[in-house]
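Working notes, beginning with the structure itself.
The values are calculated or read from the model by the stated rules, or taken from the named source; none is laboratory data. None of these values were measured; they are calculated from a predicted model. Positions of Cβ are backbone-derived with ideal geometry, glycine not excepted, and every protein chain shown enters the neighbour counts. Quick note on the areas: whole protein, heavy atoms, side chains included, nothing else; ligands and nucleic acids left out. Shrake-Rupley method; radii C 1.70, N 1.55, O 1.52, S 1.80 Å.
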Amino acid sequence: TITASTARLAFDAAARRSPEYPGGFDGRGIVMVATGRLYRSNAWIALKRLRATGCTLPVELWHWGGDDWNPEHAAWFGGLGATAVSYEDARRRVGSGLQHPWALKVYAMRWSRFREILYLDADQVVLVDPTSLFEDPEYVRTGAMFWPDVARWSPDAAMWGFTGLAYRDEPEVQGGEALLDKSRVWRELALTMWMNEQHTFFYRYMVGDKDSYR
């Protein structure tokens, strides 16, 4: 169990264990999580709008499996070029310590079949084709791109100490969209997954998954 007095040690140990990129992922695509009736409805609207912009990127639509999905859902979204991916099936292949619904977002990013991903929350409705984001100079330079949220952490926010990072006057990260090249940020993504698996501690100090990417 992680506590405030052991968090820095646990974080550093997890960072040292964070694995190198294993390969096996290919191509570009959009990853979205659509769990439950509300987010399935949101995802349907979001994907209809995405296709209306002319975007042809393949889409993975992640769900919990079991009662969370059925063949009728697969038919609806298949017509929009989206492939359903079950967390239950993925867990049998690669394992998981997932215990919180928000962490499924990070899990889907990590284990999507795509090497380069644009993650979008199910309630993110695009206005123009987002494909050109993969050519953005900052993304090409760094292998990752995020969008700012409205709040900022204060200099005395506990997460600076838990992660060993010096204070930076910067906005929080918006968790509804992210652009990643997993071949370049795999170790960071694995560490982010670990933080979300330890949600009973870290979510006390940050709002869900969103600032774990930062």
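Here is how the numbers come out for the structure above:
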| item | result |
| --- | --- |
| Point-charge dipole on Cβ atoms (K/R +1, D/E -1) for the range 1-45, about Cα centre, debye to 20 | 180 |
| Charge context of Thr35, other residues only, Cβ under 15 angstrom, K/R +1, D/E -1 | -4 |
| Most fluctuating residue given options Arg17, Arg92, Arg51, as computed from a GNM of the chain linking Cα atoms under 10 Å | Arg92 |
| Heavy-atom accessible surface of the range 1-82: percent carbon and sulfur, 1.4 Å | 55 |
| Listed residues Ala34, Ala158, Ala122, most fluctuating in the chain (Gaussian network, C-alpha, under 10 Å) | Ala158 |
| Percent of alpha-carbon pairs separated by more than 20 Å within the chain | 59 |
| Straight-distance crosslink candidates among lysines, where the alpha carbon sits under 19 Å from Lys105 and sequence neighbours closer than 8 are dropped | Lys182, Lys210 |
| Residue-averaged 222 nm ellipticity for the chain, from DSSP H runs of 4+ at -39500 (n - 2.57), nearest 500 | -11500 deg cm²/dmol |
| Reachable aspartates and glutamates from Lys48, criterion Cα separation under 18 angstrom, eight or more residues apart if same chain | Glu60, Glu72, Asp121, Asp123, Asp129, Glu177 |
| FRET E, pair Arg113, Ala151, Förster distance 45 Å, beta-carbon r, rounded to 0.05 | 0.85 |
| Accessible surface, the chain, averaged per residue in Å² (probe 1.4 Å) | 50 |
| Among beta bridges that DSSP assigns inside the chain, antiparallel share in %, nearest 5 | 45 |
| Computed over the range 1-116, Kirkwood Rh from alpha-carbon pairs, angstrom | 16.0 |
| Cα long-axis angle, helix 36-52 against the chain (0 to 90 degrees, to the nearest 10) | 70 |
| Of all accessible heavy-atom area on the range 169-214, the percent that carbon and sulfur account for (1.4 Å) | 44 |
| Simple label model, 7 Å out from Cα along Cβ direction - Leu133 to Ser183, nm | 2.1 |
